[in-house]
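J.: Supplied in structure tokens, the structure appears directly below.
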Amino acid sequence: MRRAIRVGCRPGPWKRGLILAALALLLGLVMLLHAQIPNRIGNLGSLVETFLPWFGLFVPVLLAGALWRRSASAVAALLLPVTVWPALFGGLLSDKSHHPGGDLTVVSHNVSAGNPDPAGTARDLIASGADVVALEELAQPDARLMVDPTELRARQATITYAKMLGEAYPYHTMQGNVGLWSRLPLSDTRPLDIGGDPTMNETRALRATVTTDQGPLAVYVAHLGSVRVMPRRGFWTSERNAGAHALAKAIAAEQNKRVVLLGDLNGTTDDRAFAGLTSRLRSAQDVAGGGFGFTWPASFPMVRLDQILVRGVQPVRSWVLPATGSDHLPVAAGISW
């Protein structure tokens, strides 16, 4: 009789694991309604959107807990995130490249100021066979760089890139901490003011026209400001967001219908801060890549900070190149007209 009473008092499968069920529903709602998470408190919305694909890892954890607790309610609640995640990211898992070629191959790489092997990095970029190479985080051409040994090495690395890439790419321009090398003629090259640290007088973006057989192509190279996760300020993105806004404004005013943006944007295209760019440009990785194309950190890539965005041209292939001495991985894309 006592055994029967104990069995009768046990909660049924629909009453067990209610906390797990609530967590599963919360997970699904966060992914589904991520755009509604406000940024007023520590840029929480942007922080969630930066790592949004990784929220799918909570699903098997919650499923294991639901099976251990034999909770029907938790299993049912998991249907929400199991449905939402593929709807958001399922299309990125397949290889969408059309063919290995393209009329033009472009590469972008944050070479890192602390890169221990700039010569090897330059050789790898040349070996990629790219027609156009954009570099970010080059040393500033300023006499103050000669004071600190670390900055001196960064300056020497920039000289190495300029020399080695210059032998393979006859046309080039460097503006501040970004540079562009091309096998095709460049014209109308100029720095682009997208903000930055006013005390450093730094240039973080440039604009150039690449002359191709199919007509002119406007190429932008940008290195947006860094982001930080800070205990009191949360996800600090002010400098980056200001740069993204200025860059979007410049591209909106661009007269050339064919545009390619190469650079380290210090953020993912899921982040609402880039709405001004993603509303005008398409991600080559989304259109013609395979997988998420994560680029940072190079030792264990978790986010795609390095982007190739286009307008007026067709990406036919997008991929991530092998690691160099940088903490970022290079990105490449083949585009056609």
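The values are calculated or read from the model by the stated rules, or taken from the named source; none is laboratory data. Predicted model, so just to flag it, every value in this text is computed and none were measured. All Cβ positions, even for glycine, are placed from backbone atoms using ideal geometry, and neighbour counts span all protein chains on display. Keep in mind that these areas ignore ligands, DNA and RNA; they rest on the heavy atoms of the full protein, side chains included. Shrake-Rupley method; radii C 1.70, N 1.55, O 1.52, S 1.80 Å.
J.: Where residues in segment 213-239 are surrounded by fewer than 19 Cβ atoms within 10 Å (Cβ to Cβ) and polar (S, T, N, Q), which of them is nearest to Arg272 (Cα to Cα)?
T.: Checked segment 213-239; the qualifying residue nearest to Arg272 (Cα to Cα) is Ser238.
J.: Considering every residue within segment 96-108, establish whether at least one is among the acidic types (Asp, Glu) and surrounded by fewer than 14 Cβ atoms within 10 Å (Cβ to Cβ).
T.: Looking for residues that are among the acidic types (Asp, Glu) and surrounded by fewer than 14 Cβ atoms within 10 Å (Cβ to Cβ), one finds none in segment 96-108, hence no.
J.: Another question, then. Tally the residues that are of a type outside the set (Lys, Arg) and more than 11 Å from the chain's Cα centre (by Cα), restricting the search to segment 298-329.
T.: Of the residues in that region, 19 qualify.
Quick grid of which residues meet (1) free of Cβ contacts under 8 Å to residues at least 12 places away in the same chain; (2) among the hydroxyl-bearing types (Ser, Thr, Tyr); (3) assigned to a helix (DSSP H, G or I):
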| position | (1), (2), (3) |
| --- | --- |
| Val61 | yes, no, yes |
| Pro81 | no, no, yes |
| Leu88 | no, no, yes |
| His98 | no, no, no |
| Gly102 | no, no, no |
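J.: Now a separate question. Has segment 303-318 got at least one residue that is closer than 28 Å to Lys249 by Cβ, of a type in the set (Gly, Ala, Ser) and surrounded by fewer than 21 Cβ atoms within 10 Å (Cβ to Cβ)?
T.: Yes, segment 303-318 contains at least one residue that is closer than 28 Å to Lys249 by Cβ, of a type in the set (Gly, Ala, Ser) and surrounded by fewer than 21 Cβ atoms within 10 Å (Cβ to Cβ).
J.: With the structure loaded, tell me whether Arg123 is in a helix (DSSP H, G or I), open to solvent by 10 Å² or more (accessible area, probe 1.4 Å) and at pLDDT 95 or above or whether it fails that test.
T.: For Arg123, the condition - in a helix (DSSP H, G or I), open to solvent by 10 Å² or more (accessible area, probe 1.4 Å) and at pLDDT 95 or above - is met.
J.: Next question. Residue by residue through segment 250-274, note down the ones that are closer than 25 Å to Phe89 by Cβ and not in a strand (DSSP E or B).
T.: Leu265, Asn266, Gly267, Thr268, Thr269, Asp270, Asp271, Arg272, Ala273, Phe274
J.: Determine which member of the set Pro141, Pro191 is surrounded by fewer than 17 Cβ atoms within 10 Å (Cβ to Cβ), modelled with pLDDT under 95 and in contact with a strand residue (DSSP E or B) (Cβ under 9 Å, 6 or more places away or on another chain).
T.: Only one candidate passes the filter, namely Pro141.
J.: Mind counting the residues in segment 279-313 that are farther than 19 Å from Ala134 by Cα and not in a loop (DSSP other than H, G, I, E, B)?
T.: Number of matching residues: 5.
J.: While we're here: Determine which single condition Asn115 fails, assuming it passes every other condition in (1) over 30 Å from Gly312 (Cβ atoms); (2) assigned to a helix (DSSP H, G or I); (3) open to solvent by less than 50 Å² (accessible area, probe 1.4 Å).
T.: Condition not satisfied by Asn115: (2).
J.: Which residues, counting only those in segment 290-303, are under 17 Å from Asp95 (Cα atoms) and modelled with pLDDT of 95 or more?
T.: Listed by number, the residues that qualify are Phe292, Gly293, Phe294.
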